[in-house]
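Here is the structure we will look at, set down as C-alpha coordinates.
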Amino acid sequence: MAYPATRLRRLRTSAAMRELVHETDLDPGRLLLPLFVSETLGDGESEPVAAMPGVERLSIAGAVAAARAAADAGVAGVLLFGLPAEKDARGSAAWDPEGVVQLAIGAIKSALPRLLVVSDVCLCEYTDHGHCGVLDEHGSVVNDETVELLAATAVSHAQAGADIVAPSDMMDGRVGAIRQALDDEALNTTAILAYSAKFASAFYGPFREAAGSTPAFGDRRGYQLEPGNGREALREAVLDAEEGADMLMVKPALAYGDLIRAVAERCELPVAAYNVSGEYAMVRYAAQAGALDERATVLEILTSLRRAGADTIITYHAMDAATWLREA
Ligand code: PBG
(Lines give C-alpha, C1' and ligand atoms only; values in the text may rest on other atoms or scores of the structure.)
Protein backbone atom coordinates (compact mmCIF):
# COMPACT_ATOMS: atom_id res chain seq x y z
CA MET A 1 0.00 0.00 0.00
CA ALA A 2 2.56 2.56 -0.99
CA TYR A 3 1.87 6.08 -2.28
CA PRO A 4 -0.66 7.19 -3.51
CA ALA A 5 -2.86 4.81 -1.44
CA THR A 6 -0.94 5.52 1.76
CA ARG A 7 -1.09 9.23 2.51
CA LEU A 8 0.11 10.06 6.03
CA ARG A 9 -0.90 13.68 5.56
CA ARG A 10 -4.60 12.69 5.96
CA LEU A 11 -4.12 12.71 9.74
CA ARG A 12 -2.46 16.13 9.62
CA THR A 13 -5.20 18.00 7.77
CA SER A 14 -6.59 20.01 10.69
CA ALA A 15 -5.73 20.98 14.22
CA ALA A 16 -8.48 18.69 15.53
CA MET A 17 -7.17 15.76 13.49
CA ARG A 18 -3.64 16.34 14.74
CA GLU A 19 -4.86 16.62 18.31
CA LEU A 20 -6.84 13.39 17.94
CA VAL A 21 -3.78 11.32 17.07
CA HIS A 22 -0.91 13.12 18.77
CA GLU A 23 1.34 10.74 20.64
CA THR A 24 3.12 12.65 23.38
CA ASP A 25 1.66 14.75 26.18
CA LEU A 26 3.47 17.37 28.18
CA ASP A 27 2.00 18.94 31.27
CA PRO A 28 3.35 21.06 34.13
CA GLY A 29 2.80 18.19 36.57
CA ARG A 30 5.75 16.43 34.89
CA LEU A 31 8.15 19.30 35.63
CA LEU A 32 10.53 20.09 38.47
CA LEU A 33 12.03 23.59 38.82
CA PRO A 34 15.60 23.88 40.20
CA LEU A 35 16.19 26.68 42.74
CA PHE A 36 19.45 28.01 44.16
CA VAL A 37 19.15 29.06 47.80
CA SER A 38 21.93 31.13 49.31
CA GLU A 39 22.65 31.46 53.01
CA THR A 40 24.29 34.84 52.54
CA LEU A 41 21.24 36.56 51.03
CA GLY A 42 18.77 38.40 53.26
CA ASP A 43 14.99 38.23 52.84
CA GLY A 44 14.48 40.72 50.01
CA GLU A 45 17.79 39.99 48.24
CA SER A 46 18.59 37.96 45.14
CA GLU A 47 21.51 37.72 42.73
CA PRO A 48 21.22 37.15 38.98
CA VAL A 49 23.25 34.30 37.50
CA ALA A 50 25.03 35.85 34.51
CA ALA A 51 25.44 32.59 32.62
CA MET A 52 21.74 31.73 33.00
CA PRO A 53 19.60 34.72 32.01
CA GLY A 54 16.37 34.67 34.02
CA VAL A 55 17.79 32.54 36.87
CA GLU A 56 18.65 34.02 40.27
CA ARG A 57 20.20 32.91 43.50
CA LEU A 58 17.52 33.36 46.17
CA SER A 59 17.18 33.85 49.90
CA ILE A 60 15.09 31.33 51.82
CA ALA A 61 12.14 33.74 51.68
CA GLY A 62 12.75 34.18 47.95
CA ALA A 63 12.79 30.41 47.49
CA VAL A 64 9.45 30.12 49.27
CA ALA A 65 8.01 32.78 46.95
CA ALA A 66 9.43 31.03 43.86
CA ALA A 67 8.04 27.71 45.11
CA ARG A 68 4.63 29.32 45.59
CA ALA A 69 4.70 30.65 42.02
CA ALA A 70 5.66 27.16 40.80
CA ALA A 71 2.80 25.59 42.74
CA ASP A 72 0.37 28.16 41.34
CA ALA A 73 1.57 27.37 37.81
CA GLY A 74 0.96 23.65 38.36
CA VAL A 75 4.65 22.68 38.41
CA ALA A 76 5.07 19.42 40.35
CA GLY A 77 7.90 20.51 42.59
CA VAL A 78 11.20 22.23 43.16
CA LEU A 79 14.74 20.82 43.24
CA LEU A 80 16.83 22.65 45.82
CA PHE A 81 20.54 23.47 45.70
CA GLY A 82 22.16 25.14 48.71
CA LEU A 83 24.91 27.73 48.76
CA PRO A 84 26.37 27.79 52.27
CA ALA A 85 28.10 30.78 53.89
CA GLU A 86 31.09 28.64 54.90
CA LYS A 87 32.86 25.82 53.07
CA ASP A 88 35.44 23.34 54.35
CA ALA A 89 37.39 20.31 53.12
CA ARG A 90 34.67 17.81 54.08
CA GLY A 91 31.66 19.93 53.15
CA SER A 92 30.27 19.78 56.68
CA ALA A 93 27.60 22.44 56.07
CA ALA A 94 25.91 19.85 53.82
CA TRP A 95 24.49 17.81 56.73
CA ASP A 96 23.95 20.68 59.20
CA PRO A 97 20.33 20.39 60.41
CA GLU A 98 20.28 24.21 60.45
CA GLY A 99 21.93 24.46 57.03
CA VAL A 100 20.49 26.62 54.27
CA VAL A 101 18.90 23.77 52.33
CA GLN A 102 17.46 22.14 55.44
CA LEU A 103 15.89 25.46 56.49
CA ALA A 104 14.61 26.07 52.95
CA ILE A 105 13.05 22.61 52.80
CA GLY A 106 11.25 23.23 56.09
CA ALA A 107 10.07 26.68 55.06
CA ILE A 108 8.74 25.50 51.68
CA LYS A 109 7.04 22.40 53.06
CA SER A 110 5.30 24.33 55.81
CA ALA A 111 4.10 27.03 53.39
CA LEU A 112 3.19 24.62 50.55
CA PRO A 113 2.63 21.11 51.89
CA ARG A 114 1.41 19.69 48.58
CA LEU A 115 4.32 20.92 46.44
CA LEU A 116 7.04 18.27 46.06
CA VAL A 117 10.39 19.24 47.51
CA VAL A 118 13.36 17.43 46.03
CA SER A 119 16.84 18.03 47.44
CA ASP A 120 20.10 17.61 45.57
CA VAL A 121 22.45 15.51 47.70
CA CYS A 122 26.09 16.29 46.92
CA LEU A 123 29.08 17.86 48.62
CA CYS A 124 30.47 19.99 45.77
CA GLU A 125 28.64 23.18 46.81
CA TYR A 126 29.92 22.69 50.37
CA THR A 127 33.57 21.71 49.92
CA ASP A 128 36.24 24.42 49.66
CA HIS A 129 37.89 22.48 46.78
CA GLY A 130 34.62 22.07 44.85
CA HIS A 131 34.83 18.29 44.39
CA CYS A 132 31.85 16.07 45.17
CA GLY A 133 33.46 14.32 48.15
CA VAL A 134 36.38 14.02 50.56
CA LEU A 135 39.85 14.03 48.98
CA ASP A 136 42.84 11.77 49.63
CA GLU A 137 46.42 13.07 49.65
CA HIS A 138 46.57 12.76 45.84
CA GLY A 139 43.47 14.88 45.32
CA SER A 140 41.15 12.07 44.29
CA VAL A 141 37.74 11.59 45.90
CA VAL A 142 37.59 8.82 48.53
CA ASN A 143 34.47 6.80 47.78
CA ASP A 144 33.32 5.08 50.97
CA GLU A 145 33.98 7.92 53.39
CA THR A 146 32.14 10.26 51.02
CA VAL A 147 29.18 7.86 50.89
CA GLU A 148 28.82 8.08 54.69
CA LEU A 149 28.69 11.88 54.51
CA LEU A 150 26.18 11.77 51.67
CA ALA A 151 23.96 9.42 53.68
CA ALA A 152 24.08 11.82 56.65
CA THR A 153 23.23 14.68 54.28
CA ALA A 154 20.27 12.80 52.80
CA VAL A 155 18.96 11.97 56.30
CA SER A 156 19.16 15.65 57.29
CA HIS A 157 17.19 16.65 54.18
CA ALA A 158 14.55 13.99 54.82
CA GLN A 159 14.27 15.03 58.47
CA ALA A 160 13.73 18.60 57.32
CA GLY A 161 10.83 17.34 55.20
CA ALA A 162 12.16 16.59 51.71
CA ASP A 163 9.83 14.31 49.76
CA ILE A 164 12.62 13.08 47.50
CA VAL A 165 16.40 13.08 47.96
CA ALA A 166 18.47 13.15 44.78
CA PRO A 167 22.12 12.08 45.07
CA SER A 168 24.16 13.66 42.25
CA ASP A 169 27.69 12.74 43.36
CA MET A 170 28.22 9.50 41.35
CA MET A 171 29.97 7.63 44.18
CA ASP A 172 29.63 3.83 44.10
CA GLY A 173 27.12 2.39 46.55
CA ARG A 174 25.58 5.67 47.60
CA VAL A 175 22.00 4.76 46.74
CA GLY A 176 22.07 1.63 48.92
CA ALA A 177 23.77 3.48 51.77
CA ILE A 178 21.26 6.34 51.61
CA ARG A 179 18.29 3.94 51.56
CA GLN A 180 19.70 2.12 54.59
CA ALA A 181 20.41 5.34 56.48
CA LEU A 182 16.91 6.68 55.76
CA ASP A 183 15.26 3.43 56.84
CA ASP A 184 17.35 3.30 60.02
CA GLU A 185 15.84 6.69 60.92
CA ALA A 186 12.31 5.51 60.08
CA LEU A 187 12.31 7.76 57.01
CA ASN A 188 10.95 4.99 54.83
CA THR A 189 8.54 7.22 52.91
CA THR A 190 11.33 9.45 51.55
CA ALA A 191 11.96 8.53 47.90
CA ILE A 192 15.35 8.44 46.17
CA LEU A 193 15.77 9.96 42.72
CA ALA A 194 19.22 8.71 41.69
CA TYR A 195 21.30 10.73 39.27
CA SER A 196 22.21 7.39 37.69
CA ALA A 197 23.55 8.20 34.26
CA LYS A 198 25.33 11.44 35.02
CA PHE A 199 28.00 12.35 32.54
CA ALA A 200 31.13 14.51 32.96
CA SER A 201 29.64 17.26 30.82
CA ALA A 202 30.59 20.69 29.56
CA PHE A 203 26.88 21.54 29.76
CA TYR A 204 27.16 22.03 33.56
CA GLY A 205 29.29 25.16 33.13
CA PRO A 206 26.58 27.73 33.89
CA PHE A 207 25.39 25.74 36.92
CA ARG A 208 28.83 25.87 38.45
CA GLU A 209 28.75 29.65 38.23
CA ALA A 210 25.30 29.64 39.83
CA ALA A 211 26.27 27.24 42.61
CA GLY A 212 29.89 28.31 43.06
CA SER A 213 30.92 24.65 42.68
CA THR A 214 33.64 24.69 40.02
CA PRO A 215 36.38 22.26 41.10
CA ALA A 216 39.47 24.17 42.28
CA PHE A 217 41.66 21.72 40.32
CA GLY A 218 41.14 18.88 37.86
CA ASP A 219 37.72 17.76 36.69
CA ARG A 220 34.98 15.27 37.61
CA ARG A 221 36.00 12.48 35.26
CA GLY A 222 37.15 10.35 38.19
CA TYR A 223 33.51 9.90 39.20
CA GLN A 224 31.16 11.08 36.44
CA LEU A 225 30.63 9.07 33.24
CA GLU A 226 32.53 9.45 29.99
CA PRO A 227 30.10 10.98 27.42
CA GLY A 228 30.70 8.14 24.96
CA ASN A 229 29.95 5.33 27.42
CA GLY A 230 26.33 4.26 26.97
CA ARG A 231 26.69 0.67 28.17
CA GLU A 232 28.43 1.81 31.34
CA ALA A 233 25.59 4.29 31.91
CA LEU A 234 23.10 1.42 31.75
CA ARG A 235 25.13 -0.51 34.33
CA GLU A 236 24.88 2.52 36.63
CA ALA A 237 21.10 2.65 36.15
CA VAL A 238 20.65 -1.06 36.81
CA LEU A 239 22.83 -0.90 39.94
CA ASP A 240 20.94 2.10 41.32
CA ALA A 241 17.67 0.27 40.77
CA GLU A 242 19.03 -2.79 42.60
CA GLU A 243 20.26 -0.60 45.47
CA GLY A 244 16.76 0.75 46.02
CA ALA A 245 16.38 3.88 43.91
CA ASP A 246 12.75 4.85 43.31
CA MET A 247 13.48 6.88 40.16
CA LEU A 248 16.44 7.03 37.80
CA MET A 249 17.85 10.11 36.11
CA VAL A 250 19.71 10.71 32.87
CA LYS A 251 21.74 13.92 32.79
CA PRO A 252 22.31 15.98 30.65
CA ALA A 253 19.22 15.43 28.52
CA LEU A 254 19.55 16.75 24.98
CA ALA A 255 22.64 14.91 23.81
CA TYR A 256 21.60 11.78 25.73
CA GLY A 257 18.16 10.92 24.35
CA ASP A 258 19.38 7.46 23.40
CA LEU A 259 20.04 6.74 27.07
CA ILE A 260 16.72 8.14 28.25
CA ARG A 261 15.14 5.61 25.89
CA ALA A 262 17.51 2.79 26.89
CA VAL A 263 17.02 3.31 30.64
CA ALA A 264 13.24 3.49 30.20
CA GLU A 265 13.26 0.20 28.31
CA ARG A 266 15.76 -1.60 30.48
CA CYS A 267 14.46 -0.59 33.93
CA GLU A 268 10.85 -0.46 35.08
CA LEU A 269 11.45 2.59 37.29
CA PRO A 270 10.26 6.07 36.36
CA VAL A 271 12.90 8.01 34.44
CA ALA A 272 13.76 11.67 34.94
CA ALA A 273 15.71 13.74 32.40
CA TYR A 274 17.68 16.77 33.60
CA ASN A 275 17.59 19.56 31.00
CA VAL A 276 20.74 21.14 32.44
CA SER A 277 22.07 24.66 32.79
CA GLY A 278 24.08 24.74 29.55
CA GLU A 279 21.09 23.48 27.58
CA TYR A 280 18.98 26.24 29.11
CA ALA A 281 21.63 28.89 28.45
CA MET A 282 21.93 27.92 24.77
CA VAL A 283 18.21 28.45 24.21
CA ARG A 284 18.01 31.66 26.24
CA TYR A 285 20.98 33.28 24.55
CA ALA A 286 19.83 32.25 21.08
CA ALA A 287 16.34 33.58 21.81
CA GLN A 288 17.75 36.85 23.15
CA ALA A 289 19.72 37.21 19.92
CA GLY A 290 16.53 36.74 17.93
CA ALA A 291 17.81 33.48 16.41
CA LEU A 292 15.16 31.18 17.95
CA ASP A 293 11.52 31.39 18.94
CA GLU A 294 11.93 30.59 22.61
CA ARG A 295 8.44 29.30 23.33
CA ALA A 296 8.35 26.93 20.35
CA THR A 297 11.90 25.75 21.01
CA VAL A 298 11.36 25.02 24.70
CA LEU A 299 8.10 23.17 24.14
CA GLU A 300 9.69 21.13 21.35
CA ILE A 301 12.65 20.21 23.56
CA LEU A 302 10.50 19.20 26.51
CA THR A 303 8.14 17.19 24.30
CA SER A 304 11.07 15.40 22.72
CA LEU A 305 12.36 14.39 26.16
CA ARG A 306 8.93 12.93 26.95
CA ARG A 307 8.97 11.09 23.61
CA ALA A 308 12.44 9.71 24.39
CA GLY A 309 11.00 8.13 27.53
CA ALA A 310 11.26 10.67 30.36
CA ASP A 311 8.37 10.59 32.83
CA THR A 312 9.72 13.63 34.68
CA ILE A 313 11.73 16.59 33.41
CA ILE A 314 13.90 18.86 35.52
CA THR A 315 14.22 22.19 33.75
CA TYR A 316 15.01 25.85 34.37
CA HIS A 317 12.31 26.56 31.76
CA ALA A 318 9.63 25.06 34.06
CA MET A 319 7.87 28.34 34.91
CA ASP A 320 7.75 29.56 31.31
CA ALA A 321 6.74 26.14 30.04
CA ALA A 322 3.95 25.80 32.60
CA THR A 323 2.61 29.23 31.64
CA TRP A 324 2.73 28.45 27.89
CA LEU A 325 1.10 25.06 28.40
CA ARG A 326 -1.76 26.64 30.30
CA GLU A 327 -2.30 29.24 27.56
CA ALA A 328 -2.32 26.57 24.85
C1 PBG B 1 26.23 18.66 41.73
C2 PBG B 1 25.40 18.94 40.54
C3 PBG B 1 25.76 19.51 39.32
C4 PBG B 1 24.58 19.67 38.60
C5 PBG B 1 23.55 19.15 39.37
N6 PBG B 1 24.07 18.70 40.57
C7 PBG B 1 27.06 20.01 38.82
C8 PBG B 1 28.19 19.11 38.60
O9 PBG B 1 28.11 17.89 38.68
O10 PBG B 1 29.26 19.69 38.39
C11 PBG B 1 24.48 20.28 37.23
C12 PBG B 1 23.13 20.85 36.90
C13 PBG B 1 23.09 21.76 35.72
O14 PBG B 1 24.07 21.95 34.98
O15 PBG B 1 22.01 22.35 35.51
N16 PBG B 1 27.10 17.60 41.65
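The values are calculated or read from the model by the stated rules, or taken from the named source; none is laboratory data. On a predicted model such as this, the values are computed, not experimentally measured, just so you know. Every residue, glycine among them, receives a Cβ derived from its backbone with ideal geometry; neighbour counts consider all protein chains shown. All accessible areas refer to the heavy atoms of the entire protein, side chains included, with ligands and DNA or RNA removed. Shrake-Rupley method; radii C 1.70, N 1.55, O 1.52, S 1.80 Å.
Quick test for you: out of Ala308, Ala253, Ala328, Ala289, pick the one residue that is open to solvent by less than 30 Å² (accessible area, probe 1.4 Å) and out of contact with any strand residue (DSSP E or B) (no Cβ under 6 Å at 6 or more places or on another chain). After applying the criteria, what remains is Ala308. For the range 51-65, a residue qualifies if it is within 16 Å of the ligand (Cβ to nearest atom) and either of a type in the set (Val, Ile, Thr) or out of contact with any helix residue (DSSP H, G or I) (no Cβ under 7 Å at 6 or more places or on another chain) (or both), and the qualifying residues are Val55, Glu56.
With respect to being modelled with pLDDT under 95, under 18 Å from the mean Cα position of the chain (by Cα) and within 20 Å of Asp120 (Cβ to Cβ), Glu209 fits the description. Total residues in the range 132-166 satisfying the condition of being closer than 19 Å to Asp96 by Cβ and of a type outside the set (Val, Ile, Thr): the figure is 17. Checking the range 165-176 against the condition returns a match, with at least one residue being among the aliphatic types (A, V, I, L, M) and in contact with a Lys or Arg (Cβ under 7 Å, 6 or more places away or on another chain). Looking across the range 299-328, just one residue is under 20 Å from Met52 (Cα atoms), among the polar types (S, T, N, Q) and either under 17 Å from the mean Cα position of the chain (by Cα) or assigned to a strand (DSSP E or B) (or both), and that is Thr315.
Considered as a group, the residues in the range 260-286 that are of a type outside the set (A, V, I, L, M, F, W, C) and within 16 Å of the ligand (Cβ to nearest atom) include one that is surrounded by the fewest Cβ atoms within 10 Å (Cβ to Cβ), and that residue is Tyr285. Filtering the range 215-236 to residues that are of a type outside the set (Gly, Ala, Ser) and part of a loop (DSSP other than H, G, I, E, B) leaves Pro215, Phe217, Asp219, Arg220, Arg221, Tyr223, Gln224, Glu226, Pro227, Asn229.
Considered as a group, the residues in the range 107-146 that are in contact (Cβ under 8 Å) with a residue 60 or more places away in the chain and more than 11 Å from the ligand (Cβ to nearest atom) include one that is surrounded by the most Cβ atoms within 10 Å (Cβ to Cβ), and that residue is Val118. Sub-8 Å Cβ pairs linking a first residue in the range 180-208 that is in contact (Cβ under 8 Å) with a residue 24 or more places away in the chain and under 13 Å from Ala253 (Cβ atoms) to a second residue that is open to solvent by less than 40 Å² (accessible area, probe 1.4 Å) and of a type in the set (Lys, Arg), at least 6 apart or interchain, are Tyr195/Lys251; Ala197/Lys251; Lys198/Lys251; Phe199/Lys251; Ser201/Lys251, ordered by first then second residue.
In the set (1) under 19 Å from the mean Cα position of the chain (by Cα); (2) in a loop (DSSP other than H, G, I, E, B); (3) closer than 21 Å to Leu58 by Cβ, the condition left unmet by Glu98 is number (1).
Counting only residues that are crowded, with 18+ Cβ neighbours inside 10 Å and near the ligand (Cβ under 8 Å from one of its atoms), which one in the range 171-207 is farthest from Arg235 (Cα to Cα)? Looking at residues that are crowded, with 18+ Cβ neighbours inside 10 Å and near the ligand (Cβ under 8 Å from one of its atoms), I get Pro206.
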